[in-house]
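**Student:** There's a structure below that I have some questions on.
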Amino acid sequence: MTSHPLIAPGDHKAYMKYAVEQARLSPPSPSKFCVGAVLVDADKNEILATGYSEELPRDRPGDPGSTHAEHCCFIKVADRYGIHDFDIAKVLPPNTVLYTTMEPCNERLSGNRTCVERILGLNGAIKVVYVGIGEPDTFVKLNEGIKRLEDAGVKVSYVPSGCKVVSTVAHAMSFWANTGRIDVEFADGTPQSYFIKVISKETGKDMMHSEFESMKAIHAIVPDFVPRPIAWGTYQTIPEAHFFLCEFRDFDDEMPEPGDFATRLAKLHRESQSPECKFGFHLTTYAGNLPQMVEWESSWETFFTRSLRHALDLEIKAKGSDPELDTLLPILFDTVIPRLLRPLETNGRSVKPSLVHGDLWYANSGVEMETNNSIIFDACCFYAHNEWRMPPSNEFGQWRPACNRFDEKYLTVYQKHVEKSDPVEDYDGRIDLYKLRFNTHVLALFVDNMAPREQYVFARNLLPNRVGLD
């Protein structure tokens, strides 16, 4: 006899939680969802059966194939009475209810029937179906299972009852993840929309955690500059899938107005406070699908040196060694970096660790349609020198040919709020150096792009000149 937890009568959340526990037992597969179900005699508060996707993958006479969670519950009841699961209406209590973590399938078959057909085939024996979420459009673009049940007189309620999912659609794009919009309706009829990012790669969990903590850090300082982060985690029924959830903001991809954008960015840099005045971040952040070096350091020169070394290691691992690179590195680390960065922290000078977005190019910004305010997203933050991502010569530290949309107008406004660091005469050299670090990481990201390592040629030819080397 299967042992079940004691659940208070009418505690729908507890029953749904138990259904989720069943779902976790389902073997992950790219061709299905991991769903759990619990069949309950509501009058006696007695669990009649539990089931999860593919729990009973056996063939049954006239009903071949693997089984869905709801179907497994029906089979177990049928086996107990020695009857076919088509006939369990004869033995089910008069107030039987079903809890299922996902809307019953209306198109995908469990054996030779859908679960909706199986529920309706019981001729009213199941009065209420409690649902955790609607079926995403991964396999079926429009699942009308709930509508079909309700049209037949079966009550369907979402648990928790605070909201129901109205729609889920793909929205926007990402190089590394699937993205979408979720529209819900709360019990009082209030609509709400969310943006979700989902990734199933091995590093996906850390990537989603990184983005959540980064967006949370920015939101704490300039709340209307980013969509409000809500949660991150792992799907309970799909343990290899990880998500980041935030409020949905509708925006267009036109360039933000320089005054508004640069003022907000300056506020972020100026008002952020790093723990113990150090450079870094409290957890590893990811630019793309690769980690950044963000371990705490008291010295900006030390932090930047380690950060660039880490990016170079990633790039060399991705594309192999290079003779020009081997020639450049000793000059870069022994001469150029100390010459350009050490003066920032000597002769009474210091660098304030400022919270930076980490990947602030034009495609990670936009203009919110409702308010016309500038917004940014896809953050991978850490505390750095505020000049880390300043726009030199009509560039914003990204690939020069494509990402030059943050022009001097943005810099002019920004520097009304935050002046260049001393020594000012080294400013252009510092920007070149910071750009080298960023572009190195980008090269490591796009392994199939075998373009020449032009940033090294750029650095070899320009950086030594910046520091007076021939």
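**Student:** If I ask for residues that are among the aliphatic types (A, V, I, L, M) and within 21 Å of residue 290 (Cβ to Cβ), which ones from region 219-260 would you list?
**Tutor:** Across region 219-260, the qualifying residue is only 241.
**Student:** Give me the residue from region 152-201 that is among the basic types (Lys, Arg) and surrounded by 16 or more Cβ atoms within 10 Å (Cβ to Cβ) and, out of that set, nearest to residue 98 (Cα to Cα).
**Tutor:** 164
**Student:** In addition: List pairs: first in region 298-309 and in the same structural domain as residue 334 (by TED's automatic domain parsing) and farther than 17 Å from residue 354 by Cβ, second of a type in the set (Asp, Glu) and buried (at least 19 other Cβ atoms within 10 Å of the Cβ), Cβ under 8 Å, 6+ apart or cross-chain?
**Tutor:** Short answer, once both residue conditions are applied: 306/297.
**Student:** Here is a follow-up. Yes or no: region 201-218 includes at least one residue that is assigned to a helix (DSSP H, G or I), within 30 Å of residue 130 (Cα to Cα) and free of Cβ contacts under 8 Å to residues at least 12 places away in the same chain. So that I can check it myself, show each step before the final result.
**Tutor:** Of all residues in region 201-218, those assigned to a helix (DSSP H, G or I) come to 204-218.
Imposing the further condition that a residue be within 30 Å of residue 130 (Cα to Cα) reduces the set to 205, 208.
If we keep only those that are free of Cβ contacts under 8 Å to residues at least 12 places away in the same chain too, we end up with none.
Scanning region 201-218 turns up no residue that is assigned to a helix (DSSP H, G or I), within 30 Å of residue 130 (Cα to Cα) and free of Cβ contacts under 8 Å to residues at least 12 places away in the same chain.
**Student:** For residues in region 415-442 being hydrophobic (A, V, I, L, M, F, W, C) and assigned to a helix (DSSP H, G or I), which is surrounded by the fewest Cβ atoms within 10 Å (Cβ to Cβ)?
**Tutor:** Per the stated criteria, the residue is 424.
Residue-by-condition table, conditions (1) at pLDDT 90 or above; (2) aliphatic (A, V, I, L, M):
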position: 141; (1), (2): no, no
position: 145; (1), (2): no, no
position: 154; (1), (2): yes, yes
position: 159; (1), (2): no, yes
position: 162; (1), (2): no, no
position: 171; (1), (2): no, no
position: 174; (1), (2): no, no
position: 177; (1), (2): no, yes
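**Student:** Which residues, counting only those in region 270-291, are closer than 30 Å to residue 334 by Cβ and either in a loop (DSSP other than H, G, I, E, B) or in contact with a helix residue (DSSP H, G or I) (Cβ under 9 Å, 6 or more places away or on another chain) (or both)?
**Tutor:** 274, 278, 279, 280, 281, 284, 285, 286, 287, 288, 290, 291
**Student:** Considering 244, 279, which residue is under 24 Å from the mean Cα position of the chain (by Cα), surrounded by 21 or more Cβ atoms within 10 Å (Cβ to Cβ) and not aliphatic (A, V, I, L, M)? Let's see the steps before the verdict.
**Tutor:** Working: 279 fails: under 24 Å from the mean Cα position of the chain (by Cα).
Just one listed residue meets the conditions, 244.
**Student:** Is region 274-281 home to any residue that is in contact with a His (Cβ under 6 Å, 6 or more places away or on another chain) and at pLDDT 95 or above?
**Tutor:** No, region 274-281 contains no residue that is in contact with a His (Cβ under 6 Å, 6 or more places away or on another chain) and at pLDDT 95 or above.
This table checks each residue for (1) touching a residue at least 60 places away in the same chain (Cβ under 8 Å); (2) outside the structural domain of residue 157 (by TED's automatic domain parsing); (3) assigned to a loop (DSSP other than H, G, I, E, B); (4) within 34 Å of the chain's Cα centre (by Cα).
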{"position": "10", "(1), (2), (3), (4)": "no, no, yes, no"}
{"position": "16", "(1), (2), (3), (4)": "yes, no, no, yes"}
{"position": "30", "(1), (2), (3), (4)": "no, no, yes, yes"}
{"position": "33", "(1), (2), (3), (4)": "yes, no, yes, yes"}
{"position": "38", "(1), (2), (3), (4)": "yes, no, no, yes"}
{"position": "51", "(1), (2), (3), (4)": "no, no, no, yes"}
{"position": "76", "(1), (2), (3), (4)": "no, no, no, no"}
{"position": "80", "(1), (2), (3), (4)": "no, no, no, no"}
{"position": "99", "(1), (2), (3), (4)": "yes, no, no, yes"}
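**Student:** Report yes if some residue within region 396-414 is buried (at least 21 other Cβ atoms within 10 Å of the Cβ), more than 22 Å from residue 302 (Cβ to Cβ) and modelled with pLDDT under 65; otherwise report no.
**Tutor:** yes
Conditions (1) surrounded by 18 or more Cβ atoms within 10 Å (Cβ to Cβ); (2) not in a loop (DSSP other than H, G, I, E, B), marked per residue:
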| position | (1), (2) |
| --- | --- |
| 267 | no, yes |
| 293 | yes, no |
| 308 | yes, yes |
| 325 | yes, yes |
| 337 | yes, yes |
| 349 | no, no |
| 358 | yes, no |
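**Student:** What's the number of the only condition in (1) under 18 Å from residue 433 (Cα atoms); (2) modelled with pLDDT under 95; (3) surrounded by fewer than 16 Cβ atoms within 10 Å (Cβ to Cβ) that residue 302 fails to meet?
**Tutor:** (2)
**Student:** In the set 105, 115, which member is under 17 Å from residue 152 (Cβ atoms), at pLDDT below 90 and surrounded by 14 or more Cβ atoms within 10 Å (Cβ to Cβ)? Quick ask: steps written out before the conclusion?
**Tutor:** On the way: 115 fails: at pLDDT below 90.
That would be 105, the only listed residue that is under 17 Å from residue 152 (Cβ atoms), at pLDDT below 90 and surrounded by 14 or more Cβ atoms within 10 Å (Cβ to Cβ).
The values are calculated or read from the model by the stated rules, or taken from the named source; none is laboratory data. Just so we're clear, the structure is a prediction, and the values are computed from it rather than from any experiment. Neighbour counts are summed over all protein chains in view; Cβ atoms, including those assigned to glycine, are modelled from backbone coordinates with ideal geometry.
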